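Single-structure report; data block below.
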Amino acid sequence: MSDDVKDAGLVAMISSILGGGKRADIVAPPPLTEGPPTAPTNGFEPVEAPIPEAAPAKADNASDAAPAVTKPVEPPAKIATTPDGKKLLPAEAIADLVLGELRKLDDFPASGVSVTVYGYRHWNAMITFAPFSTTFQNATRFRQAMPDLVFKLRRFVQLEI
C-alpha cells in the first residue's frame, strides 16, 4: 500500500473526527454548533436507595419503638463551570473523555492504552501504549489524532486544580 493511500485514509479519519468533509490542509476550528462532550459512564446509572415505609406501631409497643430515622437524600453534585461556560473537570475525568473519543476510532485497542492529562490553563494530553497492544502504524495514527481532539475538547472543558 502506498504512502499516498495511507495519508488519504488518515486525512479521512481526522476529517470525520472533526465533523466535516474538509481536507486536513485547511486549518479551521470545528463548527460552534456542536454540543459539549459527555463524560463516559461506567455502564451503571446511580440509583437512590428506597426509603422503607415505617410500619405503624401498636399501642402496647409504643414505648419500645424507636422513632424512624430517615436520611435526607442529597442532590447529585453539580459540575462546576467557568464564567465562559467551560466545565471544570479533574485530570482523570478529562483523560476518560479523551479515551472515550479515541475508542470511536477504527482498530483502537480495547486494553493497554493510557491517557495522561497535564498542564493547567492550556492542558494537554499524552497517550501511551502497552507493548503489543497495537501496531506501530495504528499507534502513530492515534497519536496524530490527539492534537485535534485536545483542541476540540479544550473549547468545552477546563482542567480543575
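Residues in segment 84-112 that are outside any helix (DSSP H, G or I) and touching a helix residue (DSSP H, G or I) at 6+ places or on another chain (Cβ under 7 Å): how many?
Selection size over segment 84-112: 3.
Mind listing whichever residues of segment 114-142 are closer than 30 Å to A80 by Cα and open to solvent by 30 Å² or more (accessible area, probe 1.4 Å)?
If the condition is that a residue be closer than 30 Å to A80 by Cα and open to solvent by 30 Å² or more (accessible area, probe 1.4 Å), then S114, T116, Y118, G119, Y120, R121, H122, N124, M126, T128 are the ones that fit.
If you check K86 against the conditions, is it within 17 Å of the chain's Cα centre (by Cα), open to solvent by 70 Å² or more (accessible area, probe 1.4 Å) and among the charged types (D, E, K, R)?
Criteria not met by K86.
If I go through segment 89-113 residue by residue, how many of them are open to solvent by less than 20 Å² (accessible area, probe 1.4 Å) and over 15 Å from L149 (Cα atoms)?
1
The values are calculated or read from the model by the stated rules, or taken from the named source; none is laboratory data. Just so we're clear, the structure is a prediction, and the values are computed from it rather than from any experiment. In this analysis, Cβ positions are derived from the backbone assuming ideal geometry, glycine residues included, and neighbour counts consider all displayed protein chains. SASA here: full protein model, heavy atoms, side chains in, ligands and nucleic acids out. Shrake-Rupley method; radii C 1.70, N 1.55, O 1.52, S 1.80 Å.
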